[in-house]
1. If residue 197 passes every condition in (1) within 29 Å of residue 269 (Cβ to Cβ); (2) surrounded by fewer than 22 Cβ atoms within 10 Å (Cβ to Cβ); (3) not acidic (Asp, Glu) but one, which one does it miss?
2. For region 380-404, enumerate the residues that are modelled with pLDDT of 80 or more, assigned to a loop (DSSP other than H, G, I, E, B) and not acidic (Asp, Glu).
3. Looking only at region 163-175, decide whether some residue is in contact with a Gly (Cβ under 8 Å, 6 or more places away or on another chain) and assigned to a strand (DSSP E or B).
4. For region 259-278, how many residues meet the condition of being surrounded by fewer than 23 Cβ atoms within 10 Å (Cβ to Cβ) and of a type outside the set (Ser, Thr, Tyr)?
5. Can you tell me which residues in region 420-457 are in a strand (DSSP E or B), more than 42 Å from the chain's Cα centre (by Cα) and modelled with pLDDT under 75?
6. Scan region 351-371 for residues that are part of a strand (DSSP E or B) and surrounded by 18 or more Cβ atoms within 10 Å (Cβ to Cβ) and jot them down.
7. So, in region 384-408, of the ones that are touching a strand residue (DSSP E or B) at 6+ places or on another chain (Cβ under 7 Å) and over 21 Å from residue 321 (Cβ atoms), which residue ends up surrounded by the most Cβ atoms within 10 Å (Cβ to Cβ)?
Amino acid sequence: MKKNLLKICLMTMLAGAGVATARAEVFTVDGINYTLLEDGSGVEVAKGSYKGDMTIPAVVKNGAITYKVVGVGEYAFQDAEVTSVKLPNTVRIIKKAAFNGSDIVTLDMGTGIEEIQDNALSVARDLENLSELPAGCVKLGAVFGMNDKLKAINVEDGNPMYKSIDGVLYTASGKTALAYPVGRGTEYDIPEGVDSIAIDFMNTNQAMARVTFPSTLKYVGRSAFVYCTSMVTNDLPEGLEYIGSSAFSNCRKMAANVPASVKSIGMSAFNNGWAIKSVKIGNKLETWGNQAFYQNKVLESIEIEPYPENVKKIPDFSFQNSGPIKEIVIPEGYTEIGGYAFSNCSSAKYIDIASTVETIDVAAFSNINADKIVVRAAVPPTYTNQSYYLFGNKNLDTVPVYVPDESIEAYKSAWMWKFFKNYLPLSGLAGIDDVADGDAVAVSTRYFNLQGIEVPAPGYADGKAYIVKTTYDNGKVETKKYVNR
């Protein structure tokens, strides 16, 4: 028993010694906190309540040992009231969020910096004077953001990874735009030849009024223009292939359309886009994230190309709470409509669901009281929820629901579909007025959408359904419905 007690006491003492050793690794000299690096190679500036102007020494002595200052640690100056910092040439790294939210106005990084980590200078709104990125700085995270007064990001000649073009940070090749200093100006033309815009390029630049994109652009990274609330821009260029998550989220004055060349649209890419009036989704998409067009307040039309090659689902929340859309047409080739995909698009009065749709997720069309519904699937699409009505419930008894003639009874007995009472045969959707003689010559042809509104003749095989009214030279008129393939 005594041996066990002695063993416990020794373990406790050793543990205490370990704590003491750990605490000894942090020390303060002349009001600056330092942390000893584990490999013993030097020290880094540690977090402290710093104020005013500071010069960090190249070496610092703790007891009898002299250490080289080689880094600025994580959160070292975060939220500090420091106004200027001069780093020694011995500092090799500025770590994550080192100056995040600080009052710094002037930062002299020295000449030894090799790496600056994510958010190192984020939300340093008063930062105005920043020394050049040294030639040896070859690794940058998403360093900048919300530096409202910073007018230029300059790079020392000879840097193999980065360069500055008119104060804007680019890769050395000039093909990727990395960071735009907020204070530089409110209009910017991205140069021709640039093919990529990096993540957070203009994150939360609320003063930016106009950006022009180059014809060479292929890639827009995550949050590249998020909360650029004043930005008015030209349409995104044909040839663009990738739009990252939240890339244009909350760009409330941006009225750009999505080019047919786009292969990937990230989650929330255009959500809260209050100026977007139309959206066209190409059939070459490889990925389509949730909430991509959520809450677009003035969205008037959605055109989704049929027969998608990869994406078969209209994603969850895709167009939820989006403005004065009058009709929703799910084209052939899509098999699933995601949860809340069109929820609260309350202006939509016509809904047309392709024959290929098999599943409709919870509340996909909630709070929509359509005047006409067309469902082309021979087998009633499965509805995945028993708590929400498939559509708004104001006119379930009266709204005409057109389904394949042979499937009316199946719809009447299927879950959720059985709540509709006014089923009509799909064959009656477009009647035939008269049939012309075989020798008759057409003198005029008019095209109508399925709501009976006249539209221009389609210029290509768009896969849409039309009502076509043809008048012949013998006075007869033929009206028929066809799918333009």
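1. (2)
2. Going through region 380-404, the residues modelled with pLDDT of 80 or more turn out to be 380-384, 395-404.
Now restrict to residues that are assigned to a loop (DSSP other than H, G, I, E, B): 380-381, 384, 395-400, 404.
Across region 380-404, the qualifying residues are 380, 381, 384, 395, 396, 398, 399, 400, 404.
3. Filtering region 163-175 down to residues in contact with a Gly (Cβ under 8 Å, 6 or more places away or on another chain) leaves 163, 165, 174-175.
Going one step further and asking which of them are assigned to a strand (DSSP E or B), we end up with 163, 165.
Yes - at least one qualifying residue is present in region 163-175.
4. 8
5. 443
6. Result: 351, 352, 353, 360.
7. Ranking the candidates gives 403 first.
Each row is one residue, and each column tells you yes or no for (1) assigned by TED's automatic domain parsing to the domain that holds residue 75; (2) free of Cβ contacts under 8 Å to residues at least 24 places away in the same chain.
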{"site": "138", "(1), (2)": "yes, no"}
{"site": "142", "(1), (2)": "yes, no"}
{"site": "157", "(1), (2)": "no, yes"}
{"site": "161", "(1), (2)": "no, no"}
{"site": "170", "(1), (2)": "no, no"}
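The values are calculated or read from the model by the stated rules, or taken from the named source; none is laboratory data. What you are looking at is a predicted structure, and each value in this text was computed from that prediction instead of being measured. In this analysis, Cβ positions are derived from the backbone assuming ideal geometry, glycine residues included, and neighbour counts consider all displayed protein chains.
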